[in-house]
Structure formats: structure tokens, C-alpha cells
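Data block below; observations after.
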Amino acid sequence: MKKILKALLFVLVAALVIIQFIRPAKNAGEEIASNQITAIHPVPENVQQILKVSCNDCHSNTTHYPWYSKIQPVAWILDDHIVEGKRELNFSTFATYPAYRRYKKFKEIGEQVKDDEMPLFSYTIPHRDAVLNADQKLILENWAANSMKEMERQYPADSLVKPN
């Protein structure tokens, strides 16, 4: 029985060492100014700061990786969050979205911030500075609502609804 346990322990340690060499690609994509949200929507400095601290690691093409991101399987988990986050909303490519999608994303930003769905709890555990206080939530909610109103003034109503 001891030999089996030793063999299992050896296999487990060997697997942990081997997986350290299998790394996902870093999220360090190109930042094209004309594709960023700031190219077509006003983003006040206070909103930019909140987005930088609480959102951009998963919702932009630039992620600031903590030291533990070099350890597997943590890097795979982080990569999954980043890929999924960018699939849902990417501030680095926001200007390339059609108007209806941008409008919907502003609505979702307001709702998810208000409902404490964003930033994710799992992100705020190691990133305590990313937790939004009541004032920051209100700033983001108002910014999203004002952005929607501006789009309503700028675009025909039917262009703010996804075509069938």
C-alpha cells in the first residue's frame, strides 16, 4: 500500500512539474486607438480610472498579470476568465461594435454593476482595490445611462436594436 501511495505521489508531483511548461498566451494584444471605447464615446477620467482598476484586466487587450499567474493551473483559470471576459465586452475593440451592440453593452454595464455581478467576486478576492464602493458604482451606472441617452440622440431608434 505504501508503494502505491508513493507512486501516486510521484505521478502527481511529476504532473504538476510538467504542466508548468504548458502556458496560455498572454493577453497583450495590440491597442489601436481608433478601436478603443474612448474613440467614439466620452469616458471621463474618473470612469477611466475605475475601468482600469476593476475591469480592464478581463475586458481589454491588456492584462496586468500578478505573480501567481505564472503557476499552473492558475494561469489556465485566469486565461479562461480573460477570454470569456473579452468575448462579452472588450473596451479595446468597443468602437468596432455595431451601434446596437454598444448600446446593449452600456445597458449591461449599468445593470451588472448595480446588481454586484461585476467585477466578479473571484477577481476581487486577490484584487481588493477592484471592489467597487457605492460612489464608484453610481459613477459607472450614470456613465452607462448617459452613454445610452447620447446614443439615443445620435442614432435612429431601430439601429439600437439587434436586427433579426
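The values are calculated or read from the model by the stated rules, or taken from the named source; none is laboratory data. Values in this document were obtained by computation on a predicted structure and should not be read as measured data. Heads up, the Cβs are rebuilt from the backbone with ideal geometry, glycines too, and the neighbour counts pull from every protein chain shown. The area values use the complete protein model at the heavy-atom level, side chains included, leaving out ligands, DNA and RNA. Shrake-Rupley method; radii C 1.70, N 1.55, O 1.52, S 1.80 Å.
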Practice task
Working only within the range 108-123, note down all residues that are free of Cβ contacts under 8 Å to residues at least 24 places away in the same chain, of a type in the set (S, T, N, Q) and touching a helix residue (DSSP H, G or I) at 6+ places or on another chain (Cβ under 9 Å).
Solution key: none
Completion exercise
Within the range 5-59, the residues that are of a type in the set (D, E, K, R) and either part of a helix (DSSP H, G or I) or within 20 Å of residue 70 (Cα to Cα) (or both) are 6, 23, 26, 45, 52, 57
Practice task
Looking only at the range 50-58, decide whether some residue is more than 18 Å from residue 120 (Cα to Cα) and either of a type in the set (D, E, K, R) or modelled with pLDDT of 95 or more (or both).
Solution key: no
Practice task
Could you look through the range 2-24, keep only residues that are in contact (Cβ under 8 Å) with a residue 40 or more places away in the chain and either of a type in the set (A, V, I, L, M, F, W, C) or touching a Phe, Trp or Tyr at 6+ places or on another chain (Cβ under 9 Å) (or both), and pick out the one that is farthest from residue 102 (Cα to Cα)?
Solution key: 16
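Would a scan of the range 52-68 turn up a residue that is open to solvent by less than 70 Å² (accessible area, probe 1.4 Å), of a type in the set (A, V, I, L, M, F, W, C) and out of contact with any His (no Cβ under 7 Å at 6 or more places or on another chain)?
Checking the range 52-68: at least one residue is open to solvent by less than 70 Å² (accessible area, probe 1.4 Å), of a type in the set (A, V, I, L, M, F, W, C) and out of contact with any His (no Cβ under 7 Å at 6 or more places or on another chain).
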Exercise for the section: Please enumerate the residues belonging to the range 99-109 that are open to solvent by less than 60 Å² (accessible area, probe 1.4 Å) and more than 15 Å from the chain's Cα centre (by Cα). Expected result: 99, 102, 103
Handout entry: Residue selected from the range 124-133 under the condition in contact with a helix residue (DSSP H, G or I) (Cβ under 7 Å, 6 or more places away or on another chain) and not hydroxyl-bearing (Ser, Thr, Tyr), by the criterion nearest to residue 56 (Cα to Cα)
Key = 130
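Checking the structure you have, find out if any residue of the range 116-131 is out of contact with any Asp or Glu (no Cβ under 6 Å at 6 or more places or on another chain), within 23 Å of residue 39 (Cα to Cα), surrounded by fewer than 19 Cβ atoms within 10 Å (Cβ to Cβ) and not small (Gly, Ala, Ser).
No; the residues of the range 116-131 include none that is out of contact with any Asp or Glu (no Cβ under 6 Å at 6 or more places or on another chain), within 23 Å of residue 39 (Cα to Cα), surrounded by fewer than 19 Cβ atoms within 10 Å (Cβ to Cβ) and not small (Gly, Ala, Ser).
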Fill in the blank from the handout: Within the range 139-151, the count of residues that are free of Cβ contacts under 8 Å to residues at least 40 places away in the same chain and either surrounded by 19 or more Cβ atoms within 10 Å (Cβ to Cβ) or more than 20 Å from residue 121 (Cβ to Cβ) (or both) comes to 5
Exercise for the section: Go through (1) assigned to a helix (DSSP H, G or I); (2) open to solvent by less than 60 Å² (accessible area, probe 1.4 Å); (3) under 30 Å from residue 152 (Cα atoms); (4) free of Cβ contacts under 8 Å to residues at least 60 places away in the same chain one by one and return the number of the condition residue 75 breaks. Expected result: (3)
